[in-house]
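> Here it is: the structure, laid out below.
The values are calculated or read from the model by the stated rules, or taken from the named source; none is laboratory data. Nothing here was measured: the structure is a model prediction, and the numbers come from that model. Neighbour counts run over all protein chains shown; Cβ positions are idealised from the backbone, glycine included. Surface accessibility is based on the protein's heavy atoms, side chains included, excluding ligands, DNA and RNA. Shrake-Rupley method; radii C 1.70, N 1.55, O 1.52, S 1.80 Å.
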Amino acid sequence: MAKTTDTNYLTSAEKSLLSDLLKVRAATALSFEIETDRIGEADLQDKLEKLADKGYIKVNEEESYKIFTPTWKTRWLRVNGIL
């Protein structure tokens, strides 16, 4: 049986990140880390950028930082009870 590799499959850790991001609405990696008690979590910005690559998070780049916001895909997951 062939192994499927769905790039849009979400792990429980990714779902948790998205759920927390919906609570804060928009955040830089540092403010997200502080507001959601994820202080010290390894590679948090990389995890958020990976979800952005999947289309669940929008990234707005400012001069020296990035702002992460949930997209319609993330809101759809919340409305349908997946998050």
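> Among the candidates ALA29, ALA13, single out the residue that is free of Cβ contacts under 8 Å to residues at least 40 places away in the same chain, surrounded by 15 or more Cβ atoms within 10 Å (Cβ to Cβ) and of a type in the set (Gly, Ala, Ser). Full working, then the answer.
Details: ALA13 fails: surrounded by 15 or more Cβ atoms within 10 Å (Cβ to Cβ).
None of the other options fit; the residue is ALA29.
> Just need a number here: residues in the range 37-66 that are over 10 Å from the mean Cα position of the chain (by Cα) and of a type in the set (S, T, N, Q).
The number of residues fulfilling the criteria is 2.
> Identify the residue in the range 34-83 that is among the acidic types (Asp, Glu) and either open to solvent by less than 40 Å² (accessible area, probe 1.4 Å) or out of contact with any helix residue (DSSP H, G or I) (no Cβ under 8 Å at 6 or more places or on another chain) (or both) and, among all such residues, is farthest from GLU14 (Cα to Cα). Don't jump to the end; show me each part of the working.
Taking the range 34-83 as the starting set, the residues that turn out to be among the acidic types (Asp, Glu) are 35, 37, 41, 43, 46, 49, 53, 61-63.
Within this subset, residues satisfying the condition of being either open to solvent by less than 40 Å² (accessible area, probe 1.4 Å) or out of contact with any helix residue (DSSP H, G or I) (no Cβ under 8 Å at 6 or more places or on another chain) (or both) are 37, 43, 46, 49, 53, 61-63.
On the way: ASP37: 16, ASP43: 13, ASP46: 12, GLU49: 11, ASP53: 13, GLU61: 22, GLU62: 24, GLU63: 27 Å.
The residue in question is GLU63.
> Which one of the conditions (1) open to solvent by 90 Å² or more (accessible area, probe 1.4 Å); (2) among the polar types (S, T, N, Q); (3) under 12 Å from the mean Cα position of the chain (by Cα) does SER19 fail to meet, given that it meets all the rest?
Evaluating SER19 over (1) open to solvent by 90 Å² or more (accessible area, probe 1.4 Å); (2) among the polar types (S, T, N, Q); (3) under 12 Å from the mean Cα position of the chain (by Cα) leaves (1) as the failure.
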